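Inspection log for the structure reproduced underneath, given as structure tokens.
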Amino acid sequence: MIVRIAATGTLTAILLATLSLPSSALADFEPVSRQQPDASARWSASGGSTSLRFDPDLLAELQISVSGPATPAGSEMPGEFEFSINHRTTLDFWAPWAAWDGFASGALDHDGPLVLEWPGGLLSADGFSLTPVSPEVFELIDNAGNALFRLDYVHTMLYPEEKRMTLWNMDMSLTPWLAGRMGYDDMAGLVIASAFTQTGIRYPATAALERPEGGGCSVPNWHDGVTFFNDVELSSLGSVQQVARQAGVRVAIAPSATLRNVGTADVPWYQKFTTEPPETFDDYPEPYSRDQHPFLVWAMYRVVDDIPQQIGQSAIKHAFFTVNGACSCPGGSILWAQQNSGNNQGCTDTYGVGTNDSPTHLGIRDNLPAFTGEFEQCGSIFAPGATPPGPCTQTFSGNTSDPFERRLVVEESELQTPNATYYFEGWYVIRDDIDIFNTLAYKQVTPTFGSSWSFPAGPHTQGPAINAWVPPNTRGSMQAHHRDVTSAGHYSVAVKVTDLGGGQFRYVYALMNYDFDPRFQSFALGVPNGTTLSNIQYLDGDSNSGNDWAVDTSNGQLTFTAPGGGALEWGHMATFVFEADQAPVDSAVELTGLETPLDVVAPILGLQTFGELFKQGFENAPGL
């Protein structure tokens with residue numbers, strides 16, 4: 001697995017005195033924010049070091065070995081190498097108001113050997129450069145001019161007073177050239193390492209190092225539900241890739257993701273176990289003033305014979321830092337909204353595969369009531385035994401030697417089903433977000449096994465993956481999709497009915513629990529007298545029969561009931577299938593919550609009309 005690199009390298013850069021830089025040179029790249037900066041916003045970096053930390057699991061599977069300079073002092077990470085940056089090279093970058101706004105030009109040349117070996121081949125480089133190929137992306141180019149790796153999803157921190165900068169949590173993926181050289185053409189784009197750079201900086205004497213008091217990026221407008229509203233969209237569900245594999249058994253998968261603040265409120269992004277925000281934010285009421293932040297979860301679905309199943313779910317990834325891209329605000333603990341960002345543009349944030357798969361940031365879903373999005377640090381897996389409310393002390397780092405713990409894990413056999421269609425879904429759970437459905441996104445992927453598993457994909461689509469099976473708000477004669485929000489959370493019920501001929505019909509229902517915190521423990525629909533049911537199935541995408549829901553066909557109903565510990569959790573989907581000798585009519589299903597008993601009746605296609613349902617005791621609950 002790839003983990004976040006600790007700042008273990010020794011900063012060797014000479015911290016240069018502040019000086020004026022020439023303003024005549026034109027940038028190779030415009031700022032990410034597309035603003036037109038003056039010469040004072042063009043800064044430069046030189047010296048320092050870069051640590052590369054290779055993923056031992058992926059290297060072992062691909063039979064690649066890496067060697068280089070000595071491991072950084074104090075590092076406990078096998079496969080990490082530290083390279084010094086040659087002081088004679090510089091990297092120019094944009095930094096209006098001391099906020100990183102993209103690479104401009106130049107490069108950082110590194111000294112020291114980098115040797116890669118694979119079956120039948122070897123590449124030995126006596127140094128390399130990190131050269132920007134866009135305002136946000138490096139290529140690692142060896143001394144022979146070959147592009148070996150692509151480095152992106154960079155997190156940046158500027159420290160003007162100390163004349164230094166860090167570029168951290170960069171995903172490092174194989175370029176097509178190196179993948180082809182190794183004979184792994186199908187692995188181009190595979191993230192096999194993380195990178196961390198520490199470098200010295202210099203800037204013009206006229207550079208503005210902070211914004212005027214009360215200006216953009218300085219005083220937040222928190223969500224109040226009246227004037228200011230949280231609304232964050234998942235603007236890009238990027239690469240999807242294998243991060244661990246047990247050959248022939250299972251594979252762990254993680255994505256990269258980018259989001260944007262499209263609301264009117266600024267969104268808190270305090271890392272877990274942050275006890276207090278800066279003093280200027282003391283008026284933010286508890287528990288917002290203590291480590292409130294978004295959470296990323298992801299899932300995979302398979303559709304076979306027009307029957308959808310969810311076949312894997314991740315734990316929750318705790319967000320810990322927002323880069324505030326495309327808006328000229330500094331990275332930190334607030335994702336700034338459009339009107340408060342300093343340039344009338346909502347800020348973006350991004351996380352690569354490496355950071356999303358880092359065990360130090362992966363918690364468990366039971367620690368988060370998804371509908372409220374309120375994280376309580378005490379009693380979480382990071383502070384077991386601590387009693388809420390906090391603040392309390394983190395006693396567990398989250399690190400684990402098990403590459404499958406708290407990951408999205410799919411059995412390899414589930415990825416090899418003939419004639420199947422697969423979807424990958426990501427979702428940022430954000431406290432007070434007014435629209436969860438633009439914070440959800442999915443894309444169709446094609447699981448492909450070559451040198452290892454890859455997941456070629458098309459563009460992402462906003463919304464949950466269930467929308468690809470039956471579009472939301474559909475109400476037809478043979479399919480329907482009812483989406484609802486209750487006082488305890490959101491859910492969807494979708495159905496497709498297939499005419500099998502001979503008076504037989506197949507009914508397929510998918511129940512998606514987005515953030516219904518009480519959890520669903522039963523699913524029931526009315527069955528008219530004389531109706532014959534057959535081929536009844538409950539499908540949850542795993543091989544554990546112990547959590548399958550029990551089936552009961554008595555009392556004029558078909559009821560599926562969860563066993564103890566088997567209620568449908570938030571972020572999970574269950575599928576119910578049966579055949580009947582009756583065509584569909586406008587009907588409903590009754591759903592029962594577990595922790596806080598809450599019944600909802602969802603209008604949908606079924607076997608029995610509304611009136612007959614209520615005679616059987618269905619409640620006219622929320623949803624009708």
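In summary, residue 88 fulfils each of the numbered conditions (1) part of a strand (DSSP E or B); (2) within 18 Å of residue 200 (Cα to Cα) with the single exception of condition (1).
Could we say that residue 215 is small (Gly, Ala, Ser), on the phi > 0 side of the Ramachandran plot and part of a loop (DSSP other than H, G, I, E, B) here? Before you say what the answer is, go through the steps one by one.
Working: small (Gly, Ala, Ser): yes; on the phi > 0 side of the Ramachandran plot: no; part of a loop (DSSP other than H, G, I, E, B): yes.
Answer is no for this residue.
Taken as a whole, the condition of being touching a residue at least 24 places away in the same chain (Cβ under 8 Å), in contact with a His (Cβ under 8 Å, 6 or more places away or on another chain) and polar (S, T, N, Q) applies to residue 513.
Looking only at residues that are surrounded by fewer than 18 Cβ atoms within 10 Å (Cβ to Cβ) and either modelled with pLDDT under 90 or touching a strand residue (DSSP E or B) at 6+ places or on another chain (Cβ under 9 Å) (or both) in segment 201-217, which one is nearest to residue 462 (Cα to Cα)?
Step one: filter segment 201-217 for residues surrounded by fewer than 18 Cβ atoms within 10 Å (Cβ to Cβ), giving 205-206, 208-210, 212-215.
The next check asks that each one be either modelled with pLDDT under 90 or touching a strand residue (DSSP E or B) at 6+ places or on another chain (Cβ under 9 Å) (or both); those that pass are 208-210, 212-215.
Working: 208: 38, 209: 38, 210: 36, 212: 37, 213: 37, 214: 35, 215: 33 Å.
Among those that are surrounded by fewer than 18 Cβ atoms within 10 Å (Cβ to Cβ) and either modelled with pLDDT under 90 or touching a strand residue (DSSP E or B) at 6+ places or on another chain (Cβ under 9 Å) (or both), it is 215.
Scoring residue 145 on the criteria (1) open to solvent by 20 Å² or more (accessible area, probe 1.4 Å); (2) within 26 Å of residue 455 (Cα to Cα); (3) modelled with pLDDT of 95 or more leaves a single failure, condition (2). A residue that is buried (at least 17 other Cβ atoms within 10 Å of the Cβ), assigned to a strand (DSSP E or B) and among the charged types (D, E, K, R) occurs nowhere in segment 94-107. Going by what's in this entry, would residue 32 be described as surrounded by 13 or more Cβ atoms within 10 Å (Cβ to Cβ) and at pLDDT below 50? So residue 32 does not fit the description; no. Taken together, 485, 445 contain a single residue that is open to solvent by 20 Å² or more (accessible area, probe 1.4 Å) and either within 30 Å of residue 186 (Cβ to Cβ) or free of Cβ contacts under 8 Å to residues at least 40 places away in the same chain (or both), which is 485.
To keep it simple, each residue is scored yes or no on (1) of a type outside the set (Val, Ile, Thr); (2) open to solvent by 10 Å² or more (accessible area, probe 1.4 Å).
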| residue | (1), (2) |
| --- | --- |
| 327 | yes, no |
| 332 | yes, yes |
| 349 | yes, no |
| 355 | no, no |
| 359 | yes, no |
| 369 | yes, yes |
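Can you work out which of the residues in segment 384-409 that are under 23 Å from the mean Cα position of the chain (by Cα) and open to solvent by less than 50 Å² (accessible area, probe 1.4 Å) is farthest from residue 491 (Cα to Cα)? By that ranking, first place goes to 400. Scanning for something at pLDDT below 95 and aromatic (Phe, Trp, Tyr), does segment 374-388 turn up at least one residue? Yes, some residue in segment 374-388 is at pLDDT below 95 and aromatic (Phe, Trp, Tyr). Close Cβ contacts (under 6 Å, 6 or more residues apart or on different chains) running from residues in segment 497-509 that are open to solvent by 40 Å² or more (accessible area, probe 1.4 Å) to residues that are of a type in the set (Phe, Trp, Tyr) and not in a loop (DSSP other than H, G, I, E, B) comprise 499/505. Each residue in segment 520-545 was checked for being touching a Leu at 6+ places or on another chain (Cβ under 9 Å) and more than 16 Å from residue 313 (Cα to Cα), and 12 pass.
Candidates are the residues of segment 580-598 that are surrounded by fewer than 21 Cβ atoms within 10 Å (Cβ to Cβ) and of a type in the set (D, E, K, R); the one that is modelled with the lowest pLDDT is 595.
Residue 525 - would you say it is more than 30 Å from the chain's Cα centre (by Cα) and either over 19 Å from residue 495 (Cβ atoms) or not basic (Lys, Arg) (or both)? If you could, list the steps in order and put the result at the bottom.
Working: more than 30 Å from the chain's Cα centre (by Cα): yes; either over 19 Å from residue 495 (Cβ atoms) or not basic (Lys, Arg) (or both): yes.
In short, yes.
Look through segment 572-601, keep the residues that are small (Gly, Ala, Ser) and in a strand (DSSP E or B), and return whichever of them is farthest from the chain's Cα centre (by Cα). Among them, the one singled out is 580.
The values are calculated or read from the model by the stated rules, or taken from the named source; none is laboratory data. Everything numeric in this text was worked out from a predicted model, so none of it was measured. Reconstructed Cβ throughout: ideal geometry from the backbone, glycine too, with neighbour counts over all protein chains shown. The area values use the complete protein model at the heavy-atom level, side chains included, leaving out ligands, DNA and RNA. Shrake-Rupley method; radii C 1.70, N 1.55, O 1.52, S 1.80 Å.
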